[in-house]
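Worksheet for the structure shown next.
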Amino acid sequence: MGRRIVPLTLDNLADLPWPCRSCVFWELDPVRGREAVDAGKPEQEKEGWISAVLLEWGSCGRIAYVDQQPAGFVLYAPPAYVPRSQSFPTSPVSPDAVQLMISRVLPEFQGQGLGRVLVQTVAKDLLHRGFRAIEAFGAAGNDRPSCLLPADHLLAVGFKTVRPHHRYPRLRLEARSTASWREGALERLLGAGRKEPALRPF
């Protein structure tokens, strides 16, 4: 089973699963988000957001492939690029951290460790760019918005709660401790498929 993780670009944006490829929950503030949906242009807005972040800040996502099939993805960016992050009761994200916006593994590929590998890949990228941590707004309780990661999932992959809340706790993962995971363990998770050196997460 060949597995690889590659940077998200405008060329592979279409490989994001539906409805994530047209979701602008994080990328736009609530008013502009509703306007984009009402105008039928959320996909164009998302493409524009990714293009702007790529140009101004650099890579803001990764896509995981299993046997050439899109299996999961992760999106992340400094909070200045994430308007919705200011609307949470546990805001703001710490100045030394980048926000993990969303991460998804398709149901048929769950249980293979891909979610953890995606987080490891983000941690390695951020260390090279001078950031100390990844932070995320989790969703607690039974009523969970689909664009938020469950808090219990974040805890399971190593995040720690830094600002508790009954619905939207803010959690943090130190990039250095995360990226120290043994390379051999990641290689086993990614499988034995041929990978281009520049695309390897570690």
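Only residues that are crowded, with 20+ Cβ neighbours inside 10 Å and within 17 Å of GLN86 (Cα to Cα): list them for the range 150-171, please. Within the range 150-171, TYR168, PRO169, ARG170, LEU171 qualify. The condition (being out of contact with any Leu (no Cβ under 7 Å at 6 or more places or on another chain) and either in a strand (DSSP E or B) or farther than 29 Å from GLU174 by Cα (or both)) is satisfied by just one residue among PRO70, PRO92: PRO70. Looking only at residues in the range 124-148 that are assigned to a helix (DSSP H, G or I) and within 15 Å of ALA77 (Cβ to Cβ), the one that is most open to solvent (accessible area, probe 1.4 Å) is ASP125. Screening LEU199 with (1) modelled with pLDDT of 90 or more; (2) closer than 20 Å to LEU75 by Cβ; (3) of a type in the set (A, V, I, L, M) gives one miss only, at (1). The number of residues in the range 2-32 that are touching a residue at least 40 places away in the same chain (Cβ under 8 Å) and small (Gly, Ala, Ser) comes to 1. Scanning the range 95-123 for residues that are outside any loop (DSSP other than H, G, I, E, B) and of a type in the set (S, T, N, Q) yields a total of 4. Could you tell me which residue of the range 168-196 is modelled with the lowest pLDDT, considering only residues that are under 20 Å from the mean Cα position of the chain (by Cα) and in a loop (DSSP other than H, G, I, E, B)? Step by step, filter the range 168-196, then rank; the result is TRP181.
Restricting the range 1-39 to residues that are among the charged types (D, E, K, R) and part of a helix (DSSP H, G or I), the residue that is farthest from PRO83 (Cα to Cα) is ASP15. Applying the set (1) more than 24 Å from PHE159 (Cβ to Cβ); (2) modelled with pLDDT under 90; (3) not small (Gly, Ala, Ser) to LYS46 leaves exactly one unmet item: (2).
If the condition is being among the hydrophobic types (A, V, I, L, M, F, W, C) and either without any contact (Cβ under 8 Å) to a residue 60 or more places away in the chain or open to solvent by 10 Å² or more (accessible area, probe 1.4 Å) (or both), then the range 56-70 contributes TRP57, CYS60, ILE63.
The values are calculated or read from the model by the stated rules, or taken from the named source; none is laboratory data. Given the structure is predicted, the values throughout are model-derived calculations rather than measurements. Glycine also receives a Cβ, built like all others from the backbone with ideal geometry; neighbour counts cover every protein chain displayed. The accessibility values were calculated without ligands, DNA or RNA, using every heavy atom of the protein model including side chains. Shrake-Rupley method; radii C 1.70, N 1.55, O 1.52, S 1.80 Å.
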